[in-house]
Amino acid sequence: MPRSGGPRTVTDDQVEALVKRTLETTPKNATHWSTRAMAKESGLSQSTVSRIWRAFGLQPHRSETCRLSTDPYFVDKVHDAGAGAAAPRS
């Protein structure tokens, strides 16, 4: 049945492509997609990307896996941080 308001401007194919790109790729020089980056990449507006992500429950900033730093001195920094911790009480 017809609904009030304007016709949809985003097709099902565009929604599918956006969801697929969100789940299967990452942007250059970043760990996850932002709404602005995805909007620029897909040609859709930021609010449209946000609405689609919300509808599908996508949260690219929440990673399912643990990612360690790519800093070459990461291990040294962890050791330095552990050395400064208080000694256990006896």
Among the numbered criteria (1) within 12 Å of the chain's Cα centre (by Cα); (2) over 30 Å from Thr70 (Cβ atoms); (3) not acidic (Asp, Glu), which single criterion is violated by Ser34?
(2)
Answer with yes or no whether His79 is in contact with a His (Cβ under 6 Å, 6 or more places away or on another chain) and either of a type outside the set (Asp, Glu) or at pLDDT below 75 (or both).
no
So which residues in the stretch 10-34 are among the hydroxyl-bearing types (Ser, Thr, Tyr) and either part of a helix (DSSP H, G or I) or touching a strand residue (DSSP E or B) at 6+ places or on another chain (Cβ under 7 Å) (or both)?
Thr22
Could you check the stretch 42-63 and list, in sequence order, the residues that are among the hydrophobic types (A, V, I, L, M, F, W, C) and part of a helix (DSSP H, G or I)?
Val49, Ile52, Trp53, Ala55, Phe56
List every residue pair whose Cβ atoms lie under 8 Å apart, where the two residues are 6 or more positions apart in sequence or sit on different chains, the first residue falls within the stretch 1-27 and is on the phi < 0 side of the Ramachandran plot and among the small types (Gly, Ala, Ser), and the second residue, located anywhere, is surrounded by 10 or more Cβ atoms within 10 Å (Cβ to Cβ) and assigned to a helix (DSSP H, G or I).
Ala17/Ser42
Restricting to the stretch 1-22, and then to whatever is aliphatic (A, V, I, L, M), modelled with pLDDT of 90 or more and touching a Leu at 6+ places or on another chain (Cβ under 9 Å), can you tell me which residue is surrounded by the fewest Cβ atoms within 10 Å (Cβ to Cβ)?
Val19
What pairs can you find where one residue is in the stretch 42-56 and over 14 Å from Glu16 (Cβ atoms), the other is acidic (Asp, Glu) and surrounded by 13 or more Cβ atoms within 10 Å (Cβ to Cβ), and their Cβ atoms are less than 9 Å apart, with a gap of 6+ or different chains?
none
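The values are calculated or read from the model by the stated rules, or taken from the named source; none is laboratory data. As the structure is a computational prediction, the values presented were derived from the model and not from experiment. So basically every Cβ, Gly included, is an ideal-geometry build from the backbone, and we count neighbours across all protein chains shown.
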